[in-house]
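Right, one structure below, let's go through it.
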Amino acid sequence: MSQVLKNDRSLQGSHFTVAEVIKTSPHPTLLWFSFPSVLRSFFLSLVLKRRAKVKDRINALPDALLCHILSFLPTKYAVRTTILSRRWKNLWTSVPNLYFNDRKDFPSFQAGPYGSNLFTRFVDRVLYFRDSSDIKKFRLSVTYTDDLSHVDGWLCTAIRRNVVELDFELCQSHYNQYREFELPQSLFTCRTLTVLKLSSNCITYAPPTSGCFPSLKFLYVTVHYPDTDSIEKLISCCSILENLNIDGILRCDVVSNIHISVPTLKTLSINLSVDPQYHDYNLLINGPKLENIDFKQDLSSNYSLEHSKSLVKANIVLKEVPCRVVALLEAISNVKYLSLSAERLKEWYLPVFPNLSQLKVVLYDSCYWEMLVMLLRKTPNLEDLILEDRTICQRDYSKLRWNPPKFLLVYLRSHLKTITIRGFKGREIEREVSKYLLENAKILKKMRIYTSLVHITEKELYKEFLMFQRGSVTCQVEFIKIIFCAPTELSNESSNIENAMPYTLHLENELYKEDSDVPKGFNDLSS
């Protein structure tokens, strides 16, 4: 072989490989066969030797780890790995998580009996050929499957295999309207089930009188125009429930009162809306161990909390602040962490929060500086303040001026440690408010500002902030620039996307020098 290379002068002293020559040739196949057969054999042997040296790291992994990796894939793709090699032929049968979705698994055959039969046969065969190991997660989403007896059988199979987490979605479509599905009785008595997620507009519940959900701790329910007492009936079965999430739409001519009473409940999230043509509804909550609540307050809802002294954290989103919301805020006034979103707030809306250490306020139709003093008065022990301005109304901000309080608030001087401002546009009034806070917060450690500058250049803003006096010597100011970018091919989301900390500047008093155009010490993470 070496003699062939010596005799072929065209290859001597070459700085490129034969593969590169073939790749750049307009006719690579003809060029390859133009080489002598001995030379072709030599190059093929080199390629095979090189491939033999490359380790197959995936196949070197143990079966248990490969099954764990496959458990994150939809079952349709996990089954497809059977074609890779003999070792992979039956590997999918031990995957602990199964995900089925007739809208995504067979998108070309959604409507009609043919697509329904394809999905039904696929799920049946997967469950039939799967080994006898337990199922950890079973996710089933059905829209076009018309034979609900198969759905019942699939759920019962998962229950027999000691399912731990069950996510079941059943929706009506134009192809199979006006159907109802009753959950199998074995589901209510399953001893291994700890997480249950139900989303449907046609599921009915007929739980047994005792022994229901002996291990269930997490329940997520999405309802669409439920029956009179179906929600209460389901919740009342959960004797050791710790986390409850209710989402959906109500018709208040059918459901006017919802009573939630679970002695073990720790976290409650509710996002219910009401059809506009119907009247309001009452939500009565009795949770002596309730620690966290997340309420999306509808205009037509009336929340009543009993035995809520154990509450620690609350997230309240309000479309408006009618009088009924005042009672809700009174009931949660002992929390330590509060996130409050509303179009506007007035002082009489808010009670005093004596234990509050962290407050986040998101406003849509008013400005945070207009109620800053009021917020500090209502939170005498506040340490962490987060202000977000999402106002979209057109206002002449150039005429607005910051009127600081005549007397310095003692809370600002003695408790406040961190301040975060989101939606900062660089307006003059915003800069005045920031200056006041920096000068008077005596133990402030950090001010974090999320900004997409509009009214001032970055250089002018940074210089101005460096000139502000600080009430706290150790305080740092951190700017985080928000970048708005167009959606990619992989995302259909809005173009207003906030990148997490793409641009950060740490400002300290000693970094600034008057004879320099740009202050030294800036840590520009975007470069």
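Before we move on, is residue 366 within 24 Å of residue 218 (Cβ to Cβ) and at pLDDT below 90? Against the criterion (within 24 Å of residue 218 (Cβ to Cβ) and at pLDDT below 90), residue 366 does not qualify. For segment 440-479, filtering for residues that are modelled with pLDDT of 85 or more, under 32 Å from the mean Cα position of the chain (by Cα) and under 19 Å from residue 369 (Cβ atoms) leaves 7.
For segment 334-351, the set of residues classified as within 26 Å of residue 266 (Cβ to Cβ) and either of a type in the set (D, E, K, R) or at pLDDT 90 or above (or both) consists of 334, 335, 336, 337, 338, 339, listed by residue number. Quick check: anything in segment 141-151 in contact with a Cys (Cβ under 7 Å, 6 or more places away or on another chain), modelled with pLDDT of 90 or more and part of a loop (DSSP other than H, G, I, E, B)? For segment 141-151, residues in contact with a Cys (Cβ under 7 Å, 6 or more places away or on another chain), modelled with pLDDT of 90 or more and part of a loop (DSSP other than H, G, I, E, B): absent. Cβ-Cβ contacts under 9 Å between residues 6 or more apart (or on different chains), taken from a first residue in segment 426-437 that is over 14 Å from residue 370 (Cα atoms) and among the small types (Gly, Ala, Ser) to a second residue that is open to solvent by 30 Å² or more (accessible area, probe 1.4 Å) and part of a helix (DSSP H, G or I), are listed as 426/458; 426/460.
Restricting attention to segment 223-245, the residues that are at pLDDT below 90 and either in a strand (DSSP E or B) or in contact with a Pro (Cβ under 9 Å, 6 or more places away or on another chain) (or both) total 7. For beta carbons closer than 7 Å, sequence separation of 6+ or different chains, a first residue in segment 257-271 that is on the phi < 0 side of the Ramachandran plot and a second that is exposed (fewer than 15 other Cβ atoms within 10 Å of the Cβ) and in a loop (DSSP other than H, G, I, E, B), the qualifying pairs are 263/288; 263/289; 264/240; 264/289; 265/289; 266/289. Checking each residue in segment 82-107 for being open to solvent by 20 Å² or more (accessible area, probe 1.4 Å), assigned to a helix (DSSP H, G or I) and polar (S, T, N, Q) picks out 82, 94.
Hey, any hits in segment 423-439 for a residue that's open to solvent by 70 Å² or more (accessible area, probe 1.4 Å) and at pLDDT 85 or above? Yes, segment 423-439 contains a residue that is open to solvent by 70 Å² or more (accessible area, probe 1.4 Å) and at pLDDT 85 or above. Screening residue 419 against (1) within 25 Å of residue 390 (Cβ to Cβ); (2) modelled with pLDDT of 85 or more; (3) outside any strand (DSSP E or B); (4) aliphatic (A, V, I, L, M) leaves a single unmet condition, (3).
Of everything listed in (1) in a helix (DSSP H, G or I); (2) open to solvent by 40 Å² or more (accessible area, probe 1.4 Å), the single unmet condition for residue 220 is (1).
When residue 179 is tested against the conditions (1) in a loop (DSSP other than H, G, I, E, B); (2) modelled with pLDDT under 90; (3) surrounded by 15 or more Cβ atoms within 10 Å (Cβ to Cβ), the lone failure is (3).
Scanning segment 441-463 for residues that are open to solvent by 30 Å² or more (accessible area, probe 1.4 Å) and more than 16 Å from residue 386 (Cα to Cα) returns 442, 443, 453, 454, 455, 457, 458, 459, 460, 463.
Counting the residues of segment 332-355 that are surrounded by 15 or more Cβ atoms within 10 Å (Cβ to Cβ) and among the β-branched types (Val, Ile, Thr) gives 2. Within segment 308-326, being open to solvent by 40 Å² or more (accessible area, probe 1.4 Å) and at pLDDT below 80 holds for 319, 320, 322, 323, 324.
The values are calculated or read from the model by the stated rules, or taken from the named source; none is laboratory data. All of these numbers come straight from a predicted model, not from anything done at the bench. Here the Cβ is made from the backbone with ideal geometry for all residues, glycine too, and neighbour counts use every protein chain on show. Remember, those area values only see protein heavy atoms, side chains included, never the ligands or the DNA or RNA. Shrake-Rupley method; radii C 1.70, N 1.55, O 1.52, S 1.80 Å.
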